[in-house]
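One structure is given below, encoded as structure tokens.
The values are calculated or read from the model by the stated rules, or taken from the named source; none is laboratory data. Because the structure is a prediction, the values reported are computed rather than measured. Here Cβ is always computed from backbone atoms with ideal geometry, including for glycine, and neighbour counts include all displayed protein chains.
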Amino acid sequence: MVKTFTKRFLLVLLASLMLWGCKIPLPWVKKIDMTRSTPEGLYQQGVEYYQDKSYKRAAEIFQRVKEEYPLSQLALMAELGIGDAYFSAKEYTEAELAYSEFVNLHPTNENLPYAMYQLGMCHFNQIDTIDRDQAEAFKALKEFERLMARFPDSKFSFLAEKTIRDCRKLLGEQEFYVGEFYFNIKQYQAALRRFEKVAREYANVGLDYKVRYYIAETKRLIADEEAKKKAEEMKAKTATK
């Protein structure tokens, strides 16, 4: 019965989450004409708050559905509603907790790919600039890879595939940024390690040409330094004779 109910949710009403111009259907949104004293009526109230962009209030109502009617089939949909309400409010830490709970508690639910995708997006939307720590990009990458490994044919895996490339590019750019910093202060060995890591782990994301150039240039400068050092050592030995 839960499966049939969920499918009806997917078919009736779409709510918009903009992602690269794509609209992603929220699997829990459906208009239900019931009195407010029923779980259906309370749930509908949460949907209406969400559609009015009163996301905090929507999350509170969905939490009530979950707590007051735990045996209702709507309680499961309310769990996703909580995550999406926080996500739409850009409160990604709270959204992450909600999606993680759904993933852990409902490992066979048909909406699991959606929850896993949203979990990755919570991290993706918190990615900082390349001169800062890229832990969120790494976490997003791992969540999307986990989704694709488990549900390779899901439409959410298709969306995740592009985002994985974006994550890998950001991680590669951060490594290159650090390498370039070392290069500019003439710490060439440290720079080379970073550039070679980019070439090894982040190929085909748009960095290949400049990475090859910097690897070649860094190796040339290291060779020049070593040659100069040897020449100075020879000169010193000659002077002591």
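Residue 206 meets each of the listed conditions (1) more than 13 Å from residue 175 (Cα to Cα); (2) in a helix (DSSP H, G or I); (3) touching a Lys or Arg at 6+ places or on another chain (Cβ under 9 Å) apart from (2).
Assess whether residue 175 counts as being modelled with pLDDT of 95 or more and over 27 Å from residue 92 (Cβ atoms). Lay out the reasoning, then the answer.
Working: modelled with pLDDT of 95 or more: yes; over 27 Å from residue 92 (Cβ atoms): no.
Judged against the criteria, residue 175 is not a match.
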